[in-house]
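Engineer: Take this structure, written in structure tokens, and hold onto it; I'll ask about it next.
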Amino acid sequence: MAVFKIHHITKYQYDRSVSESMNEIRIFPFQCKEQELLQHDLIITDQPDVHVFNDYWGNKTGSFNILEPHQELTIESKLIIRTTMQPDLHLQYIGGFDKLKNETQNQLQLIELMTSNIIERQATIDEICSSIFHEQKSIAQIVGESSEYIFKHFTYTKGITTIETTVDEILTHKEGVCQDFAHVLLQILRTLNIPCRYVSGYICPNKNGMRGEGATHAWVEAWIPEFGWMGIDPTNNVWVSNNHVKLAVGRNFRDCTPVKGTFKGPSKQDLFVFVSVGYEDGQFFEETTRVQMEKQVKSDEEEIKIELFSTFAGQQQQ
């Protein structure tokens, strides 16, 4: 077990007043047996009422409005959480495709999560699948080897992809960050008819060399027969451990966007993100990032619709 103190601030600054800001947030810890919420404080500009509900994927979600004119929006999350993952769980489960078929039959959400996207370079994915698949292998073994393939054949490089980068582009360049590798792994596993979902959260390894330390992160959960959802991190080629804190799940990144919304008024905007992770030994990591954002400017009477990506979008989940 491990306890982490995570401080995550998303700040938007506008060059002129905006109004009628309507937002949706997914920055609450995911409710599951692998982590225990000890404390969570949420501080938002003007202290609006936050309506909390669970979305289609089971993510705790909040929505709020700021109707009055404002030139700054800050969303601050202070989180204390204990992770309780048992190590090497994947070694205990040897179920194959027969058991997987029995468990997923007539389960509509699992069927949805095993349906692959249509992409131009599907032949490349098919080749990867052919090199990994064998009917005698367990589902856990295939998931592990798929993650290992990405780790060995793709280069971890920041700054060459964006939140809009497609799986086709990632397959062409064979470079990217955790969000990109998660999307490639999803395509591989779904081509093999293994239900899987995108996961957003934090990775907190306390300077042990893992990629994405102290920042927002992304990985994949696959459905393992006789167990259920089990996480694997293709960026680091490890099964998810007590160093991972889960926020949201979905079919892809879009389902896990931590902040999105609309506002009215033409304005240029700057986005700043601060993330701090404190460890039990007194060590901590912190990072502040100014995020490049695409801007849309319309007349005063038109609504400007934007997706307010926090660290997840601006840094792509590193």
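The values are calculated or read from the model by the stated rules, or taken from the named source; none is laboratory data. Computed from a predicted model, the values in this text were never measured in an experiment. Note: ideal-geometry Cβ built from the backbone for every residue, glycine included; neighbour counts use all protein chains shown.
Engineer: State whether one or more residues within the range 258-265 are basic (Lys, Arg), over 15 Å from the mean Cα position of the chain (by Cα) and outside any loop (DSSP other than H, G, I, E, B).
Structural biologist: yes
Engineer: Quick one: which strands (runs of 3 or more DSSP E) lie wholly within the range 1-54 and hold at least 3 residues that are more than 20 Å from the chain's Cα centre (by Cα), at pLDDT below 95 and closer than 24 Å to Asp270 by Cα?
Structural biologist: Where strands (runs of 3 or more DSSP E) fall fully within the range 1-54 and carry at least 3 residues being more than 20 Å from the chain's Cα centre (by Cα), at pLDDT below 95 and closer than 24 Å to Asp270 by Cα, they are 2-25.
Engineer: Report every pair of residues separated by at least 6 positions or lying on different chains whose Cβ atoms are under 7 Å apart, first residue within the range 42-58 and surrounded by 14 or more Cβ atoms within 10 Å (Cβ to Cβ), second outside any loop (DSSP other than H, G, I, E, B) and among the aromatic types (Phe, Trp, Tyr).
Structural biologist: Every condition considered, the pairs that remain are Ile44/Phe64; Pro48/Phe64; Val50/Phe64.
Engineer: Give the residue, chosen from Val167, Val177, that is aliphatic (A, V, I, L, M) and farther than 20 Å from Glu120 by Cβ.
Structural biologist: Val177
Engineer: Here's a follow-up. Looking at Leu73 and the list (1) surrounded by fewer than 15 Cβ atoms within 10 Å (Cβ to Cβ); (2) of a type outside the set (Gly, Ala, Ser); (3) in a strand (DSSP E or B); (4) touching a residue at least 12 places away in the same chain (Cβ under 8 Å), which single condition is not satisfied?
Structural biologist: (1)
Engineer: Okay, next question. List pairs: first in the range 163-179 and under 12 Å from Ile150 (Cβ atoms), second small (Gly, Ala, Ser) and surrounded by 15 or more Cβ atoms within 10 Å (Cβ to Cβ), Cβ under 7 Å, 6+ apart or cross-chain?
Structural biologist: Ile170/Gly176; Cys178/Gly212; Cys178/Ala218
Engineer: OK, next. Could you tell me which residue of the range 234-246 is surrounded by the most Cβ atoms within 10 Å (Cβ to Cβ), considering only residues that are assigned to a strand (DSSP E or B) and among the hydrophobic types (A, V, I, L, M, F, W, C)?
Structural biologist: Out of the qualifying residues, it is Val245.
Engineer: Considering the range 211-253 alone, what residues qualify as being of a type in the set (Phe, Trp, Tyr) and within 22 Å of Glu175 (Cα to Cα)?
Structural biologist: Within the range 211-253, Trp219, Trp239, Phe253 meet the criteria.
Engineer: Also, I was wondering about something else. Given the criteria out of contact with any Gly (no Cβ under 6 Å at 6 or more places or on another chain), modelled with pLDDT of 95 or more and either under 19 Å from Leu185 (Cβ atoms) or not in a loop (DSSP other than H, G, I, E, B) (or both), does Val249 qualify? Quick ask: steps written out before the conclusion?
Structural biologist: Numbers: out of contact with any Gly (no Cβ under 6 Å at 6 or more places or on another chain): yes; modelled with pLDDT of 95 or more: yes; either under 19 Å from Leu185 (Cβ atoms) or not in a loop (DSSP other than H, G, I, E, B) (or both): yes.
Yes.
Engineer: Being within 17 Å of the chain's Cα centre (by Cα), charged (D, E, K, R) and surrounded by fewer than 18 Cβ atoms within 10 Å (Cβ to Cβ) is the filter; apply it to the range 146-204 and report the residue that is nearest to Thr289 (Cα to Cα).
Structural biologist: Out of the qualifying residues, it is Lys158.
Engineer: In addition: How about the range 85-98: which of its residues are under 16 Å from Cys196 (Cβ atoms) and either surrounded by fewer than 17 Cβ atoms within 10 Å (Cβ to Cβ) or aliphatic (A, V, I, L, M) (or both)?
Structural biologist: The one that is under 16 Å from Cys196 (Cβ atoms) and either surrounded by fewer than 17 Cβ atoms within 10 Å (Cβ to Cβ) or aliphatic (A, V, I, L, M) (or both): Gly95.
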